[in-house]
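Scroll down for the structure; my scribbles are underneath it.
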Amino acid sequence: MAETLSDDEITEGLPEHWERDGDEIVRTYEFDSYLAGVGFAAGAGGVAQDAFHHPELTIGYEEVEVRLTSHEAGGITEQDLDLAARFDDLL
Ligand SMILES: C[C@H](O)[C@H](O)[C@H]1CNC2=NC(N)=NC(=O)C2=N1
């Protein structure tokens, strides 16, 4: 099981546009249309399933909020930082 990261490791490892919120990292992606957000969420879901590490996705109007934490480890791990970067690559 992945180990939780220290505060400094999280700060240093957070991809641009991502923020820490307690035991989660979060980014809200903005889109030109609702369906563009839905399509992004579907792609993110596929990346997550491939990694078998699953975010909380909240689809809003022209935006998608993505929250990541490692439930089994009880905090933020390298898996969360890695998946965040992979979601950004979908843009
Ligand atoms: C049994 C456990 O749910 C699985 O090993 C995976 C599934 N997806 C997961 N996703 C996230 N975010 N954290 C986990 O600890 C996790 N565990």
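The values are calculated or read from the model by the stated rules, or taken from the named source; none is laboratory data. Keep in mind it's a predicted model, so treat the numbers as computed, not measured. Neighbour counts run over all protein chains shown; Cβ positions are idealised from the backbone, glycine included. We work out accessible area using only protein heavy atoms, side chains counted, and drop any ligands, DNA or RNA first. Shrake-Rupley method; radii C 1.70, N 1.55, O 1.52, S 1.80 Å.
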Flagged pairs (Cβ under 6 angstrom, 6 or more apart or on separate chains; first in the stretch 44-65, farther than 9 Å from residue 34 by Cα; second open to solvent by 70 Å² or more (accessible area, probe 1.4 Å) and within 11 Å of the ligand (Cβ to nearest atom)) are 48/54; 53/79
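Just the residues that are open to solvent by less than 10 Å² (accessible area, probe 1.4 Å) and either more than 16 Å from residue 41 (Cα to Cα) or more than 11 Å from the ligand (Cβ to nearest atom) (or both), please, taken from the stretch 82-91.
Of the stretch 82-91, the ones open to solvent by less than 10 Å² (accessible area, probe 1.4 Å) are 83-84, 87.
Result: 84, 87.
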For the stretch 3-14, the count of residues that are more than 22 Å from residue 89 (Cα to Cα) and either open to solvent by 80 Å² or more (accessible area, probe 1.4 Å) or within 11 Å of the chain's Cα centre (by Cα) (or both) equals 3
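So that you can scan it fast, the table gives a plain yes or no per residue for (1) under 18 Å from residue 10 (Cα atoms); (2) part of a helix (DSSP H, G or I); (3) aliphatic (A, V, I, L, M); (4) touching a Leu at 6+ places or on another chain (Cβ under 7 Å):
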| position | (1), (2), (3), (4) |
| --- | --- |
| 26 | yes, no, yes, no |
| 35 | no, yes, yes, no |
| 46 | no, yes, no, no |
| 73 | yes, no, yes, no |
| 79 | yes, yes, no, no |
| 83 | yes, yes, yes, yes |
Breaking point among (1) closer than 18 Å to residue 6 by Cβ; (2) free of Cβ contacts under 8 Å to residues at least 12 places away in the same chain, for residue 71: (1)
Please work out which residue is surrounded by the most Cβ atoms within 10 Å (Cβ to Cβ), limiting yourself to the stretch 15-74 and to residues that are within 11 Å of the ligand (Cβ to nearest atom) and among the small types (Gly, Ala, Ser). 70
Do any residues in the stretch 7-36 that are on the phi > 0 side of the Ramachandran plot and touching a residue at least 12 places away in the same chain (Cβ under 8 Å) have Cβ atoms under 9 Å from those of residues that are among the hydroxyl-bearing types (Ser, Thr, Tyr) and open to solvent by 50 Å² or more (accessible area, probe 1.4 Å), where the two are at least six apart or on different chains, and which pairs are they? 17/28
